[in-house]
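The values are calculated or read from the model by the stated rules, or taken from the named source; none is laboratory data. Every value quoted in this text rests on a predicted model; they were computed, and no experiment measured them. With ideal geometry, Cβ positions are generated from the backbone for all residues, glycine too; neighbour counts draw on all protein chains shown.
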């Protein structure tokens, strides 16, 4: 974005679009990796179909948004004592991030 304000800078760099995640085994592996590093005491099973769909919908398939969504979801799960992310946490995190 910042580069777009200077025409000289725009001409020096080519635009690169990062593909959005889709419901694939690679995306499920990414969610498994997140689950391993999230500070939760119980497994969330983030690779379940309904959870995958909710994460993709809420994040638009963007890696940074997936990370932010899971971080806020984990915080909500810790605060309510469940210590595992469920659909409600993802939905609440999505609303929090949109506001």
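Computed quantities for the displayed model
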| read-out | value |
| --- | --- |
| Residue 35 vs. criteria closer than 30 Å to residue 80 by Cα, more than 13 Å from the chain's Cα centre (by Cα), surrounded by 10 or more Cβ atoms within 10 Å (Cβ to Cβ) and modelled with pLDDT of 80 or more | no |
| Segment 41-52: number of residues that are part of a helix (DSSP H, G or I) and either in contact (Cβ under 8 Å) with a residue 60 or more places away in the chain or surrounded by 13 or more Cβ atoms within 10 Å (Cβ to Cβ) (or both) | 2 |
| Scan of segment 1-32 for residues that are modelled with pLDDT of 95 or more and assigned to a helix (DSSP H, G or I), ordered by number | 25, 26, 27, 28, 29, 30, 31, 32 |
| Tabulated pairs, segment 1-23, first on the phi < 0 side of the Ramachandran plot, second at pLDDT below 75 and assigned to a loop (DSSP other than H, G, I, E, B), C-beta under 8 angstrom, 6+ apart or interchain | 3/13 |
| Members of segment 67-99 that are outside any loop (DSSP other than H, G, I, E, B), surrounded by 21 or more Cβ atoms within 10 Å (Cβ to Cβ) and in contact with a helix residue (DSSP H, G or I) (Cβ under 6 Å, 6 or more places away or on another chain) | 69, 70, 73, 77, 89, 90, 93 |
